[in-house]
Amino acid sequence: MALVCALLGLLLLPIVFGGTAIVLGVQARKKIQLSQGMLTGEGLSKAAVIIGILDVALFLLLITQG
């Protein structure tokens with residue numbers, strides 16, 4: 001879900017979807033790390049956090065330039 005939000009943030013409402021992707025991605029990574037190998041997908045959750053940060057950063061950059 002975090003990655004879906006991150007990708008949606010590239011297209012619409014980057015603050016909302018990007019921020020949500022960051023929160024969900026961090027929560028997922030913590031849950032995966034605490035599962036002691038039972039859960040997978042750490043790379044996908046890391047990607048969601050990175051893309052979410054890019055969503056928000058690019059939006060802020062566009063706002064301050066315009």
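Couple of notes before you dig in:
- Single residue of the range 40-51 satisfying the filter (among the β-branched types (Val, Ile, Thr) and assigned to a helix (DSSP H, G or I)) that is surrounded by the fewest Cβ atoms within 10 Å (Cβ to Cβ): ILE50
- Selection of the range 18-66 for residues being β-branched (Val, Ile, Thr) and in contact with an Asp or Glu (Cβ under 6 Å, 6 or more places away or on another chain) yields only ILE32.
Residue by residue, here is whether (1) modelled with pLDDT under 95; (2) surrounded by 14 or more Cβ atoms within 10 Å (Cβ to Cβ) holds:
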residue	(1), (2)
VAL4	no, no
PHE17	no, yes
VAL26	no, yes
MET38	no, no
ILE53	no, yes
GLN65	yes, no
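The values are calculated or read from the model by the stated rules, or taken from the named source; none is laboratory data. On a predicted model such as this, the values are computed, not experimentally measured, just so you know. Because the Cβ atoms are built from the backbone with ideal geometry, glycine has one as well, and the counts that use them run over all protein chains shown.
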